[in-house]
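One structure is given below, encoded as structure tokens.
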Amino acid sequence: MRIRRREKKERRGRGFLVAAVLVLALLLAGVIVVTLFQIREVEVTGNSYYTGQEIQDRVITDRYCTNSLYLYLKYKYFDTEDIPFVDKIEVSLQGPGKVKIRVYEKSIVGYVAYMGSNFYFDQDGVVVECSSEVKEGVPCISGLKFQSLALYQKLAVEDDSIFDRILTITQLVKKYELTPDRIEFGSDLSLTLYFDQVRVALGNSGSLEEKVGRLYDLYPDLEGRSGVFHMENYTEDSKFISFEQDK
């Protein structure tokens, strides 16, 4: 009986010892994870609407997120807060103390100014943000007639095909590194680009690629001028262009 009691005590003692070792090992592992995986360096790529610091501030939001392993698992397996202009964010480990944040931005094509606010929309016409700020490189689109305007809802225009035309012209001016102050649509979907005191009338016909390409070549000659640059009938064959000086 005494032997059995001693054996039980020894087993109990060994059990406590194993449990204590496991607890210590877990505590040690926890300390290692907390200290070794503390974020010391962040690399941000793919961002243009936000600075790298702004992206960090929106991704590393609390003390738990300062741990690279936690941050990686959070963006790998869990839903995260939506960020305006951003479609998706990927976080990868470059080392225990370094993370890489890859930003996939939404394709913002322009904004409409309404009642003192700017409503930014993507290539499908869905409003992704309302702000009083003007984002650099995003053109103002005027002349659109819409029945309703709400965040995360599509602009209620009469003809959705206008968004294809908006996407085309915004891609072209970006391609040729032109930055109009405003892009205006007429009632017949004719296009006018505004550059300071110069208005460039592109009309509603085709040949947009040729027109914008030629505008790029002639743009330096428009500096300091005021008036309308008529390119409505310009084609590679006719090449008809005229400038109507403001009175």
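Table: residues versus (1) touching a Lys or Arg at 6+ places or on another chain (Cβ under 7 Å); (2) hydrophobic (A, V, I, L, M, F, W, C); (3) modelled with pLDDT of 90 or more.
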{"position": "Ala20", "(1), (2), (3)": "no, yes, no"}
{"position": "Val23", "(1), (2), (3)": "no, yes, no"}
{"position": "Leu28", "(1), (2), (3)": "no, yes, no"}
{"position": "Val31", "(1), (2), (3)": "no, yes, no"}
{"position": "Val42", "(1), (2), (3)": "no, yes, yes"}
{"position": "Tyr50", "(1), (2), (3)": "no, no, no"}
{"position": "Asp57", "(1), (2), (3)": "no, no, yes"}
{"position": "Asp62", "(1), (2), (3)": "no, no, no"}
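Scanning region 72-103 for residues that are of a type in the set (Val, Ile, Thr), closer than 26 Å to Asn118 by Cβ and open to solvent by less than 30 Å² (accessible area, probe 1.4 Å) yields Ile83, Val86, Ile89, Val103. The strands (runs of 3 or more DSSP E) found wholly in region 26-129 and carrying at least 1 residues that are more than 19 Å from the chain's Cα centre (by Cα) and in contact (Cβ under 8 Å) with a residue 24 or more places away in the chain occupy 41-45, 86-95, 98-105, 108-114.
Considering only residues in region 207-247 that are open to solvent by 30 Å² or more (accessible area, probe 1.4 Å) and among the basic types (Lys, Arg), the one that is modelled with the highest pLDDT turns out to be Arg214. Of everything in region 141-152 that is within 23 Å of Tyr50 (Cβ to Cβ) and surrounded by 12 or more Cβ atoms within 10 Å (Cβ to Cβ), the residue that is modelled with the lowest pLDDT is Leu151.
Quick one: Val138 ticks every box in (1) open to solvent by 20 Å² or more (accessible area, probe 1.4 Å); (2) at pLDDT 85 or above; (3) part of a loop (DSSP other than H, G, I, E, B) bar one, so which box is it? Going through (1) open to solvent by 20 Å² or more (accessible area, probe 1.4 Å); (2) at pLDDT 85 or above; (3) part of a loop (DSSP other than H, G, I, E, B) one by one, Val138 breaks only (1).
The values are calculated or read from the model by the stated rules, or taken from the named source; none is laboratory data. Because the structure is a prediction, the values reported are computed rather than measured. Backbone-built Cβ (ideal geometry, glycine too); neighbour counts: all protein chains shown. Heavy atoms of the whole protein, side chains included, go into the accessibility calculation; ligands, DNA and RNA do not. Shrake-Rupley method; radii C 1.70, N 1.55, O 1.52, S 1.80 Å.
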